[in-house]
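S.K.: I am attaching a structure below and will ask some questions about it afterwards.
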Amino acid sequence: MSKTVITLLRGALAAILLAQGALALAQAAPAAAPADGPHGAAPVRTPAPAANAVASDAGSVRALIVADQEATISSQFAGRITSMPKQVGDTFAAGELLAGFDCQERQANVKAAQAEVLGARETHLAKLKLQSLGAVSELDVTLAAAAAEKARSQLALAQAQEKYCFVHAPYAGKVVRVRAKAFESVQLGQPLLEIVNLASLRAQLFVPSSWVRWMKPGKAFTLVVDETGQSYTARVSKISGRIDGASQTVEVLARFDKLPANVLPGMIGKASFPEAR
């Protein structure tokens with residue numbers, strides 16, 4: 001074998017040995033931690049979000065102040081307003097005038113109906129006298145009586161329509177909003193003003209359905225109103241007959257032991273029940 005071939009074999013063998021040694025070193029070295037960030041920066045671990053621990057106080061629920069008697073007064077016929085004496089914030093007594101309309105046409109209808117009643121009644125009386133003399137038949141008297149009754153019905157209708165010219169307060173209360181002004185022409189059913197009876201305030205609550213085990217009418221609790229910052233004593237008056245399946249709550253209505261002077265509908269607060277703690 002020539003010296004050239006022997007030299008090549010030795011070089012190949014040395015290369016194989018070097019390659020095997022490098023492979024062994026690579027297998028023995030610990031694996032480097034992968035770099036997720038740019039420039040090989042170590043990854044930053046984000047802490048797991050903390051559980052939402054915000055919850056309502058034990059035994060407390062939110063409450064809304066509402067009014068039993070709250071209404072929107074509307075026009076009973078199309079006409080022109082002549083008087084609107086009450087404005088926003090004004091108080092009124094039961095039966096007090098809230099709005100007046102131009103009623104000349106309806107008053108004229110009442111007078112016409114009264115004249116019809118007078119004429120029909122005199123006709124009926126005349127027929128009765130003639131019947132006693134045998135001058136008219138029983139049918140004529142009956143028709144005259146029917147005409148008189150019809151005239152009285154028309155008078156009652158005209159008088160009822162005349163009453164629509166004046167809107168009187170159904171109960172004592174306060175004006176919340178005015179939606180029409182004096183000397184405006186309004187249509188049938190158009191809102192005129194909104195009123196509320198502050199003496200009919202109550203609290204509306206939605207309590208967990210599990211509270212029905214001990215929640216009974218007459219149950220006393222403390223109500224702190226956010227807007228006033230004051231505490232009031234109230235009692236459960238009514239409990240709904242159905243539980244909301246989606247929220248698992250039941251509606252409860254409550255009355256104040258003593259009517260608060262500075263509480264208005266729409267205020268909110270926190271109702272606390274000692275039994276639920």
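Derivation of every value follows stated rules applied to the coordinates shown; laboratory data play no part. Please read these numbers as outputs of a predicted model, since none were measured by experiment. Cβ coordinates were reconstructed from backbone atoms using ideal geometry, including for glycine residues, and neighbour counts include every protein chain displayed.
S.K.: Please give the contour-minus-distance gain from Q248 to A220: 0.36 nm per residue of separation, less the Cα-Cα distance, rounded to one decimal in nm.
M.R.: Full extension from Q248 to A220 adds 7.8 nm.
S.K.: Note down the magnitude of the dipole of region 70-196 about its Cα centre, charges +1 on Lys and Arg C-beta and -1 on Asp and Glu C-beta and zero elsewhere, to the nearest 20 debye.
M.R.: So the dipole magnitude of region 70-196 works out to roughly 120 debye.
S.K.: Computed FRET efficiency, Cβ-Cβ of F183 and A112, R0 30 Å: what is it to the nearest 0.05?
M.R.: For R0 = 30 Å, the calculated efficiency reads 0.65.
S.K.: Enumerate the aspartates and glutamates that K174 could reach by cross-link, defined here as Cα to Cα under 16 Å, with residues fewer than 8 away along the same chain left out.
M.R.: D68, E70, D90, E96, E194
S.K.: Still on this structure: Please report, largest first and rounded to whole Å, the three semi-axes of the ellipsoid equivalent to region 81-166, where each semi-axis is the square root of five times an eigenvalue of the C-alpha gyration tensor.
M.R.: 44, 11, 8
S.K.: OK, next. For a label point 7 angstrom out from the Cα of K129 toward its Cβ, which stretches of region 147-180 have the backbone nitrogen within less than 18 Å?
M.R.: Only 148 pass the distance filter.
S.K.: Once the dipole of region 70-196 is set up with Lys and Arg at +1 and Asp and Glu at -1 on Cβ about the Cα centre, which of S75, V141, P85 lies farthest towards its positive end?
M.R.: P85
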